[in-house]
Amino acid sequence: MLSHVDWEIWRREKSPFEDVLGFFQIQAAIEMCRGEEILDVGCGDGYLTRELLKHFKNVTGVDESTVALNKAKINAKGATIIQSSIEDFKPARKFDTVLMINVLEHVKEPVKKLATISKWLKGNGQIIIHVPNAYSVHRRLGKYMNLLNNCTDLNDADRAIGHKIVFDMNGLIKTVKKAGLVPVRQGGLFFKPLSGPQMVRLYNAGLWENDEQRDRYFKALNKLGTDFPELASIIYVVCKKNTS
């Protein structure tokens, strides 16, 4: 039951997003993982890393933030936690799955970063990428309300949390391919009809008869996002190395 989740733990250190959305992203990421050797790039305070430990044998988290990694070492005991940038990271072993959950939109030169990360994969390894969707319902609404000129424009909220780019699915796939990777799966998560702060107020507003009804509502919003990825809040791509 979603109502039994302490939503604070799903807040990412480097990229805060809505509590409910974070829950569904973590669940989707775990379901998409393959193999025993898992790397969480941009692990932040380590809560995704901790959840990964419940399902996979060897989990590594890497991040640049000293403050975040001090928390990760507490939150994800049992994981290998490393402080490094993508450019400087020299893993001792290769990975079956590399996760980039709400990370790629924060980096400069995303093609170069992905090309570097692809070298950390085992032969049949995969990278799972989640990013905010430029054409999500709430960004489309922002455009219609004249808060954005174009859905792909960075707004003040984007800049405040360090976004460098807003991807649509075409742009994300092009970036992946330019890095020498092959998309093998793509889709969307969560239908978010309101802005982040509004969604939090909606969750806390007590509009439902009971917690079970509220949980069913948010689960239904996630199902809408998976059914209509072009409108979803989050888009994802799973990709592998091009071996042809």
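The values are calculated or read from the model by the stated rules, or taken from the named source; none is laboratory data. Every value quoted in this text rests on a predicted model; they were computed, and no experiment measured them. Heads up, the Cβs are rebuilt from the backbone with ideal geometry, glycines too, and the neighbour counts pull from every protein chain shown.
General remarks:
- Hits in the range 185-217 (condition: within 18 Å of the chain's Cα centre (by Cα) and modelled with pLDDT of 90 or more): Arg185, Gln186, Gly187, Gly188, Leu189, Phe190, Phe191, Lys192
- Screening the candidates Leu48, Leu52 for the property of being modelled with pLDDT of 95 or more and aliphatic (A, V, I, L, M) yields one hit, Leu52.
Residue by residue, here is whether (1) among the aliphatic types (A, V, I, L, M); (2) under 29 Å from Ser65 (Cβ atoms) holds:
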site: Asp153; (1), (2): no, yes
site: Asp158; (1), (2): no, yes
site: Asn170; (1), (2): no, no
site: Ala179; (1), (2): yes, yes
site: Val182; (1), (2): yes, no
site: Tyr203; (1), (2): no, yes
site: Asp215; (1), (2): no, no
site: Asn222; (1), (2): no, yes
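- The number of residues in the range 216-234 being in a helix (DSSP H, G or I) and of a type in the set (A, V, I, L, M, F, W, C) comes to 5.
- Checking Lys14 against (1) at pLDDT 95 or above; (2) surrounded by fewer than 18 Cβ atoms within 10 Å (Cβ to Cβ); (3) closer than 21 Å to Lys113 by Cα; (4) in contact with a strand residue (DSSP E or B) (Cβ under 8 Å, 6 or more places away or on another chain), the condition it does not meet: (1)
Quick grid of which residues meet (1) over 26 Å from Lys223 (Cβ atoms); (2) at pLDDT 95 or above:
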site: Ala28; (1), (2): no, yes
site: Glu31; (1), (2): no, yes
site: Gly44; (1), (2): yes, no
site: Val62; (1), (2): yes, yes
site: Leu69; (1), (2): yes, no
site: Phe89; (1), (2): yes, yes
site: Lys94; (1), (2): yes, yes
site: Met100; (1), (2): no, yes
site: Gly142; (1), (2): no, no
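- Pair list, Cβ < 7 Å and 6+ apart or interchain, from the range 26-44 residues that are more than 12 Å from Ile128 (Cβ to Cβ) and in contact (Cβ under 8 Å) with a residue 40 or more places away in the chain to residues that are buried (at least 21 other Cβ atoms within 10 Å of the Cβ) and of a type in the set (A, V, I, L, M, F, W, C): Glu37/Phe95; Gly42/Met100; Gly42/Val103
- The residues on offer are Phe218, Phe228, and the sole one that is among the aromatic types (Phe, Trp, Tyr) and surrounded by 14 or more Cβ atoms within 10 Å (Cβ to Cβ) is Phe218.
- Scope the range 179-215; condition assigned to a helix (DSSP H, G or I) and loosely packed, with under 12 Cβ neighbours inside 10 Å; matching residues: Pro197, Arg201, Asn204, Gln213
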